[in-house]
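Asker: First the structure, then my questions, so here it is.
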Amino acid sequence: MHLQPRSYTVGDLRLGSVVTMDVLSIEASRHTDELVELLRKHLERFEGRTQVSIREERQRAALRLGLHWPDREADEEVGREVAHALAQHIVANLEPELLSQLIRRHYGQFDPVEREEILDSARADAPRRGLTSRLAIRIGDYLSQHRAVNLDGFVTFRLKDYVLDLERDVDAAVDEFLIDREYREFVRLLRYFVEVQTPKVPEVHVMVQADGRFELRDEHMQPLPDEVTVDFRLESQAAEINLEDVLVSSLITLAPAEVTVHGDDAAQELPSVRTAKQVFGSRLHYCSGCRACEELRRAGV
Ligand SMILES: [Zn+2]
């Protein structure tokens, strides 16, 4: 890395009243305290070898950092550390704001609570592996040819593809949010439907086999027809919902006062069983172990 001094500072606090030159200058406008902390942490490792001084110059919200170190031999290594600190700063501190901005700009129809949920999901889903290192390499390349970097401008103009990736993460998070919301709405409607419905039978047993298939039995443990109803349709004021979930639609058609689920522990985690639990609430319980459960377990081995 070949770095030419660009600006001159007289009377640097650390170095006394000598003329020192910033080898590198960084401009930032947001989360500047976190940025300085990250830089200090990354540059600590040079202690004893070459003293890297950081001069802070604040202008309203903007911060200009002048970095200086006397040893030109260390340029490449210091540049690498600075690049890594900046990459970490972007991912940890700037990215949540970038995502928030994108969500506000493209999905203004959602309220603040919904936008927060979308943001959390975008943060959680984005493939982060190796991202900081990839950004660090690009920042390092830039710093090897430029002595000054304006972080906001760098992200906007030099990391366009990164911002595009964030936009894709936001789109995916919104899709997921809409599906979740639809599901919650669907469950809410079914729960309401079940609450107002008069039970037709006292109990239905759901026998969940190890492969996830299920069989329904009546209160005397006698098998019920396989497909009670598949094309069950629930008309509601708001929407007509096609119940694709055979278990849930069968249970709603049978309208039992109680539902007992038999099987192993994994049965409770099946999507159909989970939805049924949400719809039937306290009227659905899991058998704590009986002969039928035992048989289901044995059949699964
Ligand atoms: Zn049982």
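Throughout, read-outs are computed from the coordinates displayed, never taken from laboratory work. Computed from a prediction, not measured in an experiment: that's the story for all the values here. Please note: Cβ atoms are built from the backbone with ideal geometry, for glycine as well, and neighbour counts cover all protein chains shown.
Asker: Near residue 160, which aspartates and glutamates are there with a Cα under 17 Å away, not counting those fewer than 8 places off in the same chain?
Answerer: Of all the aspartates and glutamates, those that pass the test against residue 160 - Cα under 17 Å, at least 8 places apart if same chain - are 95, 97, 141, 152, 169, 171.
Asker: With N set to the residue count of the range 8-182, report its C-alpha Rg divided by 2.2 N^0.38 Å to two decimal places.
Answerer: With N residues counted in the range 8-182, Rg over 2.2 N^0.38 Å equals 1.20.
Asker: In debye, nearest 20: dipole of the range 8-182 around its Cα centre with unit charges on the Cβ of K, R (+) and D, E (-)?
Answerer: Dipole magnitude for the range 8-182 comes out near 700 debye.
Asker: Give me the percent relative contact order of the range 8-182, please, defined on Cα pairs under 8 angstrom at least 6 residues apart.
Answerer: Numbers: 191 pairs, mean separation 43.5, N = 175.
Relative contact order, the range 8-182: 25 percent.
Asker: How much of the pair distance distribution for the range 158-208 lies past 11 Å, counting alpha-carbon pairs only, in percent?
Answerer: Every Cα pair in the range 158-208 considered, those over 11 Å come to 77 percent.
Asker: How big is the dipole moment of the range 79-204 about its Cα centre under a simple scheme where the beta carbon of each Lys and Arg is +1, that of each Asp and Glu is -1, and everything else is neutral? Debye, nearest 20, please. Mind showing how you got there, number by number?
Answerer: Values: 18 positive and 23 negative charges, 97 e Å.
In debye, rounded to 20, the range 79-204 gives about 460.
Asker: Show me the trypsin sites (Lys or Arg not before Pro) within the range 142-217 that DSSP assigns to loop and that have at most 11 other Cβ atoms within 10 Å of their Cβ. Mind dumping the intermediate values first?
Answerer: On the way: sites: 147, 158, 160, 168, 181, 184, 188, 191, 200, 213, 217; in loops: 147, 200, 213.
Those satisfying the criteria are 200, 213.
Asker: Using the beta-carbon distance between residue 71 and residue 101 and R0 = 35 Å, what value does 1/(1 + (r/R0)^6) give for FRET efficiency, to the nearest 0.05?
Answerer: About 0.30, to the nearest 0.05.
Asker: Which residue, chosen from 24, 140, 93, occupies the Cα position most advanced towards the positive end of the dipole of the range 8-182, where the dipole is computed from +1 (Lys, Arg) and -1 (Asp, Glu) charges on Cβ about the Cα centre?
Answerer: Of 24, 140, 93, it is 24.
Asker: Run the simple label-point estimate for residue 56 and residue 183 please: 7 Å along Cα→C-beta, distance reported in nm.
Answerer: 4.5
Asker: On to the next question. Towards the positive end of the charge dipole of the range 8-182, with charges on Cβ (+1 Lys, Arg; -1 Asp, Glu), say which of 130, 110, 159 has the farthest Cα.
Answerer: My answer, from the dipole projection, is 159.
Asker: Here is a further query. Please list, or write none, the aspartates and glutamates whose alpha carbon is within less than 12 Å of the alpha carbon of residue 277, excluding same-chain residues fewer than 8 places away.
Answerer: Cross-link targets: 258, 269.
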